[in-house]
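Enquirer: Below is a structure I'd like to ask you about.
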2 protein chains.
Amino acid sequence: MIEAETKKADVTLIQAKTLAGKVYECIKSDIIRGELSQGSRIVESELALKYGISRGPLREAIHRLEQMKLILRVPHAGSRVVTLDIKTMHDIYNAREALEGMSARLAARHMSDEAIVSLKSLLDAHEQAISESEGKYYLQEEGNIDFHHRIASASQNQWILENLNGGLYQLVRMGRYQSGQQPTRPAIALAQHRQIASAIEQRDEELAELLMRRHISGAWKIVKKILELKHD
Amino acid sequence: MIEAETKKADVTLIQAKTLAGKVYECIKSDIIRGELSQGSRIVESELALKYGISRGPLREAIHRLEQMKLILRVPHAGSRVVTLDIKTMHDIYNAREALEGMSARLAARHMSDEAIVSLKSLLDAHEQAISESEGKYYLQEEGNIDFHHRIASASQNQWILENLNGGLYQLVRMGRYQSGQQPTRPAIALAQHRQIASAIEQRDEELAELLMRRHISGAWKIVKKILELKHD
DNA sequence: AAAGGTTCTATTGTTGACAATTATTGATAA
DNA sequence: TTATCAATAATTGTCAACAATAGAACCTTT
């Protein structure tokens, strides 16, 4: 039993019990971090060799990544890492706006009082982190994701939750990582997060959705400018 | 010509270039039509034998169906056809409301004038079909899907389009098919469709989104009643 | 007889070889 | 030179055998 517990702890670190799952996590990380650059060709035998597995599970990993749109595949021709141009990112942020807006609305309806308290203390921690250290972008970014993740969880909508965690968030991460990972000014984001949390606390569904949509479309405007600068 | 004979789907008729793709289409159809009933176990070797292929491509087909949430899979334990209970359907309709609402907004922004004309003539055809034949539910339902599909295409948002066509619409179809496939009263739906088309024609993004969301949440209320009746 | 552990079986996960297909290269002719 | 077609190479798609795992059946012990 004790061995089983420790084993399970190890497994949770690896995030997957199957070979395909582990390699999927690896490749996903490589793509998001840009180690596999955008548009680059994916050759099954190469990656299989690199990770020391056969082509079977590797193929499964690739298929998963294709479904979440990190990889583009054409039958018999091969796979490439997706290229996040401005149009694609715009699509992603529009989808996010719709889904997270609904997510916030449902969170205002369903989130438990304890979860709301916990959410607000998370925001306090963010404020602390921001005022303490100006340079810890990474932690701030993780905190940002954490906030959005909690809202999505509280919505209690399984479809939306899975499509945010398993799809859109990964693409957003990849986009941030590869465009210099500037955090949208943290103080402003924090203020907006507080507004959203407040709307949820007051069970104001309409306002919660409105504020979340404004928050995301505002983030898009900043990302867009960064991308346009990069492209010129 | 549409025959009822298509249930014994012939693999060679399907356009997919790969074996996995063909079998994927077959199984998807079987699930939506209820030939593979909700919650029933999926055994790889059985299906492989049934379709006369090996387990490799069949596995790929199952993985795709898992990603679009028609199949639930647990590692080493097996797969089952999803069960569309009320909660799941509610999640689906909420996600639809968010995504198709945004879709209508973007359609009002991007849809070409010619496409709008074509859309309106499609609605005329629907009106014709409704007044002519009271019983052709199937055609009406296909027309309904056609309308929503055109909006999604006109949105020019690839992510939303793919997640509607390749995910939510299939689940909605499955739910309709298996709960007696009552079409939500076609005359009312048609009137709402006309309103939406009109808003798009006037480039009123706000109104287009609002009307589409109202349309879908209204549809949900009807579906919910049907499901509740069934469950008692 | 019930609880607990142990063997056994059915099913999934993995592998390496083989077939089919696409893209490339090179030769030939206009 | 350039276009076209054939042969070739590189890569993906498919298969059947093997390994690992979870769940069922069985036995043992109390």
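Enquirer: Any idea what the A:Asp113 label distances to the other copies are, label 7 Å down the Cα→Cβ vector, nm, shortest first?
Expert: Taking the point 7 Å beyond Cα along Cα→Cβ, the inter-copy spacings are 6.0 nm.
Enquirer: At 7 Å along the Cα-to-beta-carbon direction for both A:Arg55 and A:Gln158, put a label point, then send me their distance in nm to one decimal.
Expert: Output for this residue pair reads 3.6 nm.
Enquirer: May I ask for the angle, rounded to the nearest 10°, between helix A:169-178 and the longest principal axis of chain A, with both axes built from Cα atoms and the value confined to 0 to 90°?
Expert: It is inclined by approximately 80 degrees.
Enquirer: Also, quick follow-up: Would you please give the FRET efficiency between B:Asp113 and B:Thr88, computed as 1/(1 + (r/R0)^6) with r the Cβ-Cβ distance and R0 = 51 Å, to the nearest 0.05?
Expert: On the way: r = 39 Å, r/R0 = 0.77.
It comes to 0.80.
Enquirer: Taking only C-alpha pairs under 8 Å that are 6+ residues apart, what is the relative contact order of chain A in percent?
Expert: After rounding, I find 26 percent.
Enquirer: Still on this structure, I have one more. Please report, for B:His76, the nm distances (one decimal) from its label point, 7 Å out from Cα along the beta-carbon direction, to the equivalent points in the remaining copies, shortest first.
Expert: 3.9
Enquirer: I'd like the orientation of helix B:186-201 relative to chain B: the angle between its Cα long axis and the longest Cα principal axis, in ° from 0 to 90, rounded to 10.
Expert: Taking Cα atoms only, the helix is inclined about 70 degrees.
Enquirer: Whole Å is fine, so just give me how far the alpha carbon centre of region A:158-213 lies from that of region B:35-84.
Expert: Using only Cα atoms, the two centres lie 35 Å from each other.
Enquirer: Right, next: By its C-alpha gyration tensor, with a ≥ b ≥ c as the square roots of the eigenvalues, how is chain B shaped: rounded for a/c under 1.5, else prolate for a/b larger than b/c, else oblate? Intermediate results must be reported in sequence, preceding the final value.
Expert: Values: a/c = 1.77, a/b = 1.69, b/c = 1.05.
Since a/c reaches 1.5 and a/b is larger than b/c, the shape of chain B is classed as prolate.
Enquirer: How do B:Lys225, A:Lys22, B:Lys28, A:Lys224 line up, fewest other C-beta atoms within 10 Å first? Can you show the working numbers first?
Expert: Details: B:Lys225 10, A:Lys22 17, B:Lys28 21, A:Lys224 14.
So the ranking, lowest neighbour count to highest, is B:Lys225, A:Lys224, A:Lys22, B:Lys28.
Enquirer: Shortest first and in nm to one decimal, what separations exist between A:Lys17 and its copies in the other chains, measuring from label points 7 Å along the Cα-to-beta-carbon line?
Expert: Distances to the matching label points in the other copies: 3.7 nm.
Enquirer: Which entries in the list A:Lys22/B:Lys28; B:Lys28/B:Lys221; A:Lys28/A:Lys87; A:Lys22/B:Lys22; A:Lys69/A:Lys230; A:Lys69/B:Lys69 go over 18 Å, if you measure between the two C-alpha atoms of each? Please report the intermediate quantities before stating the final value.
Expert: Working: A:Lys22/B:Lys28 28 Å; B:Lys28/B:Lys221 27 Å; A:Lys28/A:Lys87 22 Å; A:Lys22/B:Lys22 28 Å; A:Lys69/A:Lys230 23 Å; A:Lys69/B:Lys69 16 Å.
Flagged as over cut-off: A:Lys22/B:Lys28; B:Lys28/B:Lys221; A:Lys28/A:Lys87; A:Lys22/B:Lys22; A:Lys69/A:Lys230.
Enquirer: Moving on. Can you give the FRET efficiency for B:Tyr177 and B:Glu201, using 1/(1 + (r/R0)^6), R0 = 30 Å, r = Cβ-Cβ distance, to the nearest 0.05?
Expert: After rounding, the FRET efficiency stands at 0.40.
Enquirer: Charges only on Cβ, +1 for Lys and Arg, -1 for Asp and Glu: so what's the dipole of region A:41-159 about the Cα centre, in debye to the nearest 20?
Expert: 760 debye
Enquirer: Rounded to the nearest 10 degrees, what's the angle between the helix B:19-33 long axis and the longest principal axis of chain B, both from Cα atoms, 0 to 90?
Expert: 70 degrees
Enquirer: Hey, could you pull the Cα Rg and Dmax for region A:183-232, both in Å?
Expert: 13.2, 45
Enquirer: What aspartates and glutamates could a cross-link reach from A:Lys17, if we take a straight Cα to Cα line under 19 Å and drop same-chain neighbours fewer than 8 places away?
Expert: A:Lys17 reaches A:Glu3, A:Glu5, A:Glu25, A:Glu60, B:Glu60, B:Glu66.
Enquirer: Here's a follow-up. Using the Karplus equation 6.51 cos²θ - 1.76 cosθ + 1.60 (θ = phi - 60°), what ³J(HN,Hα) coupling, rounded to whole Hz, does each residue of region B:47-52 give in order, writing x for Gly and Pro?
Expert: After applying 6.51 cos²θ - 1.76 cosθ + 1.60, I find 5, 4, 5, 4, 9, x Hz.
Enquirer: How many nm separate the modelled label positions at B:Asn165 and A:Ala187, each set 7 Å beyond the Cα in the direction of the Cβ?
Expert: 4.7 nm
Coordinate-derived values only; no laboratory data. Keep in mind that this is a model prediction, so the values were computed, not measured. With ideal geometry, Cβ positions are generated from the backbone for all residues, glycine too; neighbour counts draw on all protein chains shown.
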